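Quick note: the coordinates plus some simple rules give every number you see, no bench work behind them. The structure presented is a predicted model; accordingly, all values stated were derived computationally and were not measured. Neighbour counts run over all protein chains shown; Cβ positions are idealised from the backbone, glycine included.
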Amino acid sequence: MDRTERIAPASPVFDDVTGALEALTAVLREEDDFRVLLQHVCLQVRHAVPGVDEASVTLVRGDEPHTATATSGVVSELDGDQYRIGDGPCLEAVRSGKIVRTSVPDAIERWPDFARGAREAGFGSFLAAPLVADERFAGAVNCYGRQDDGFAELEAQLLELYTAAVEAVLRVYHRYLRARDTTEHLRTALTSRAVIDQAKGMLMAIRRIDADDAFALLVEQSQRENTKLRDVAERFVARVVSGQVTP
């Protein structure tokens, strides 16, 4: 069962999640910078989940976690403490694929270094949700609260709902990037084909040779100079147009 199906919206605060996601979707329509998108994920989770004072996004590449973005340098440092130790509620969410919800006093025994650092920074509660967009992307959304009694079950459900929707947004974003890259490759290929064909036509007219021989001359020049065929063709066309090469 999809995790969003387990959540039955029953509170007006779910409107905050909807509003946060609408704002995030609006950003997606205007931005193609992944870092900017993640920054808005951090900013909007504070509107989506009551009690969240600061937030960060952890990404894991290989076995190396890092904080991709955060609402403050303080929580970025607290994330870093967990990475250095190799353990903590953030990393637990990444590894387990489950929501981690704890108060700092309760975390003292399990994650003492993290708990002490969080308490010194003025935080009393922590909530993290795994974030997985595709097979290449894993991480977590980390929420820090200043209240001492931890986040309630409702806040955990709201974060779960929010991150599930964020995952969908990120999947759309990745598909957009792949489509954009494919379009760019096709555009480059078509441009290259056009200039190569233009150079071939000029060579055929100047040398009075057929298309195969003209193409062979371009390839030979490309290999001799260790230069891309397109660049050789562009240079030749430019020389003909400027009058440096004539029939």
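Details
- In region 75-160, the trypsin sites (Lys or Arg not before Pro) that fall in loop regions by DSSP, at most 12 other Cβ within 10 Å: 136
- Extension reserve of the residue 219-residue 146 stretch, reckoned as 0.36 nm per residue once the Cα distance is removed: 19.6 nm
- FRET efficiency for the residue 120 to residue 98 pair, using the beta carbon distance and R₀ = 35 Å, is estimated at 0.80.
- Within the shell of other residues whose beta carbon sits under 10 angstrom from the beta carbon of residue 72, the net charge comes to -3, with Lys and Arg scored +1 and Asp and Glu -1.
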